[in-house]
Structure formats: structure tokens, C-alpha cells
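The values are calculated or read from the model by the stated rules, or taken from the named source; none is laboratory data. Note that the coordinates shown come from a computational prediction; the quantities given were computed from them, not determined experimentally. Counting neighbours? That spans all protein chains shown, and the Cβs are built from the backbone with ideal geometry, glycine included.
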Amino acid sequence: MSEHAAHAPAPTPAPHEEVPISKYVGNWVVLLALTALQIGIALKMDHKEHFFLKVVVLMAISLLNTGISLAVFMHLKYERATFWISIVPATAITIALTMICFPDSLRVRDFGHTEPKVAEPLEAEHKAESEHKGEAGKSEAKPEAGKTEAKPEAGKSEAAPAKE
Amino acid sequence: MSGAAIEAKGNPWSGGTLPYALHSKKFGMWLFLVSDAISFGAILVAYAYVRMAEGNWPLHFSTSSVGLASVMTFLLMTSSLTMMVALSKARAKDRVQASNWIFITMALGLGFIAIHGYEWMHLIEHGITPSSFAFEEGEELIKGPPMFGGTFFLITGMHMLHITGGVVYLFGMGLAYRFGKFRLVDLEVMGLYWHFVDLVWMFVFPMVYLTSVDTKL
């Protein structure tokens, strides 16, 4: 950086260009219309048959509303691109990442609050181990295949019955 | 090329001493709003989780409840517009008019709080509290998933806390600005906050109310 640049007075942010009130009124009308559309969809669409579609459409309209509000009312449209590119994607991605746990709610709904069962390979391992011990000790008393019962591990009880 | 020269050329990626060309107060408010947006986002995702996990989620809101919530939405959206009018008057250096429009915005916020308070009282009277969900149907007491009350009061409570804080903020700023204190940028910072609470409601309204409306009620 040149000496001149280092000692140059810091530039002050340029004031926003004046936006006519009519533009804000227009956006307000659009927001109201979109909200009215949401209400109409919520009341008309069948709740049981089209629940997912309903939620997706309602959220899409909410995102559109948010975009309008951010761009015009919160003036992001008139800020430097560097600013909104710095904050909007980062915030959106952070919120989207919290949704990683969301599909688990479908598991809870469909299968209930199940606890993890002993996995198949581990059970086979237990069998093999006990068979091996039986052979080493008393080969006559070797348990029949399928009758070996491993003690359930602490905290690993049977799965709860699925909810109806 | 010096930073000033780049600024003069209008390159938005010039960086330098003011990469965002944004007032520090506004930048501070934006950082707060980002953190708040993440908090609300996390709460709404948690709500969506319990909403989906519970197969028998009650459709507790009647069309009249949605009507009330729609009026609340209208008040908030209109308050965003009146806030912009206040800012426009402040740019025109008309402090009295700007202050008046801020008070109108505040009144709309108070209307929102009043309707929301009424709705809360109505729900509590019917046995829905933050820790329980039970309502009387004839002589029978019907119990539902307790998470309904918990999530409903948490989300709307946190939002109402923001609105209440915003109303106090509007009152203080409106009064002080009328008597010559504060500058335009301070009003713009307050406007950002107010628009944000409106923006959050745009998600709360469909997620909490519109997906739990029983059209037969």
C-alpha cells in the first residue's frame, strides 16, 4: 500500500439512494397478497392427504416473503454485494445444517422411541466366542446352534413396540 | 492503485478500509440479527422435529384463531411500512413527522401484543400451558402431546419478547428523536431490528398456525 493510501482519510459510507414510498407500498401489497395466498392454501388444501406439499408450498412462500423483506425493507438490495454475500449464505447454511436431524423425526413417528438392538454381526460374534469356549472346556456340553443366549448388555434392552 | 482510487471506480470488491461501506452501528445490528436468526432457526427446526415425530399432533387452531393470527400478521407487515415512512421523513429532516410515524409503528406493535396476549389467555383458560396440553370437551378432559404447549409458548413467547423489546426501543427512540437526539443512522438501525421481528413472524405464522389449523372447527 502506498504512503498516500495509508494516510488517506477513511471513506465514509455513501448514503442510500432515496427510495420512493410508492415502492415500499408496492412491496407491502405484495407481502400481504402472498400471506393471503398462504392462508388460502392452509384452509383449502387437505391436511392429511397433502400435508407435505402444503408445508413445502407454505415455506416456499415464506422464503419469498423473507427475500422481499430483506431486499427492500431491510435495504440489502442497496448495500454492497460484498456485504450480503458475506452474511446471507452463511446464515442460510447454518440454519439449513440444523435440519440434518430432521429425518430422525420420521423414524420416531413411524417406529417409536426405539433403543438400539445388538447388531447382527455382534450376535454372531458372541455365538462364535461361546462356541469356542465350549469346545475348549467341555466339548460334550456344547450347546446346540441357535440356543446360545448372550446376556443382554446393560442399557440395551429390547426395542420398544412401535407406536401405532 | 490506491484503495481510494478503487473506491472511486466503484468496484464492489475493492476491500480497503470499508469493505462493506456500512456504518459500524448498522454492521453491529446486522451481526446481532444474524445470531438471532440462527437462534430462531434452531427453535423452528426443533419445533418441526417434534411436530413431525408426534403422529397425533393436535389441530388446535380454529379458523377464527387463524383469523386473529392473520390480523396480527397484517399489523406487523403494516408496521414495517410505517417504519419505512418514518425513515423517509427522517431523511427529509422532518423530526416531528418521523417521530409521529415511529409512534404509529409502536401502536401497531402494541396491537400485536394485545391480540397475542388475548390468544394466550384463551389457550391457558382451555388448559394449554407451557408444560401441558389438556382441554375440556364436554365433561371429558382430553390429554394431548405436552410438547404442543411447550413449543407454542416458547416460539411465540420468544417472538413476543422481541416485539416487546422493539416497542420499548421505538418509544425511546421516537421520543428522543423528536427532541433532537440521535441521527438518521440510529433510526435505520432500529428499523433493521423492527423489520427482522416482522420477518421472523413470516415463518412462525405458517409453521405454528397454518399447519395446525382445523378447518372443521
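Quick notes on this structure:
Results for (1) in contact with a Pro (Cβ under 7 Å, 6 or more places away or on another chain); (2) in a helix (DSSP H, G or I); (3) of a type in the set (S, T, N, Q); (4) closer than 21 Å to B:Ser70 by Cβ, shown as yes or no for each residue.
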residue	(1), (2), (3), (4)
B:Phe152	no, yes, no, yes
B:His162	no, yes, no, yes
B:Gly166	no, yes, no, yes
B:Gly174	no, yes, no, no
B:Lys181	no, no, no, no
B:Leu187	no, yes, no, no
B:Leu199	no, yes, no, yes
B:Val204	no, yes, no, yes
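- Residue, surrounded by the most Cβ atoms within 10 Å (Cβ to Cβ), within segment A:99-112, restricted to residues that are over 10 Å from the mean Cα position of the chain (by Cα) and more than 9 Å from chain B (Cβ to nearest Cβ): A:Gly112
- Test result for B:Trp120, out of contact with any strand residue (DSSP E or B) (no Cβ under 7 Å at 6 or more places or on another chain) and part of a helix (DSSP H, G or I): yes
- Selection from segment B:57-72 of residues that are more than 10 Å from every other protein chain (Cβ to nearest Cβ), under 21 Å from the mean Cα position of the chain (by Cα) and over 21 Å from B:Leu199 (Cβ atoms): B:Ser65
- Residue match in segment B:27-34 (condition: within 7 Å of chain A (Cβ to nearest Cβ), more than 24 Å from A:Ala36 (Cβ to Cβ) and at pLDDT 75 or above): yes
- Hits in segment B:84-104 - residues which are among the aliphatic types (A, V, I, L, M), more than 8 Å from every other protein chain (Cβ to nearest Cβ) and either part of a helix (DSSP H, G or I) or closer than 16 Å to B:Leu175 by Cα (or both): B:Ala86, B:Leu87, B:Ala90, B:Val96, B:Ala98, B:Ile102, B:Ile104
Condition check ((1) more than 9 Å from every other protein chain (Cβ to nearest Cβ); (2) part of a helix (DSSP H, G or I); (3) surrounded by 14 or more Cβ atoms within 10 Å (Cβ to Cβ)) across all residues:
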residue	(1), (2), (3)
A:Leu43	no, yes, no
A:Lys54	no, yes, yes
A:Val57	yes, yes, yes
A:Ala60	yes, yes, no
A:Asn65	no, yes, yes
A:Val72	no, yes, yes
A:Ile85	yes, yes, no
A:Leu97	yes, yes, no
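- Answer residue from segment B:59-110, given it is of a type in the set (D, E, K, R) and out of contact with any Phe, Trp or Tyr (no Cβ under 8 Å at 6 or more places or on another chain) and is surrounded by the fewest Cβ atoms within 10 Å (Cβ to Cβ) among those: B:Lys93
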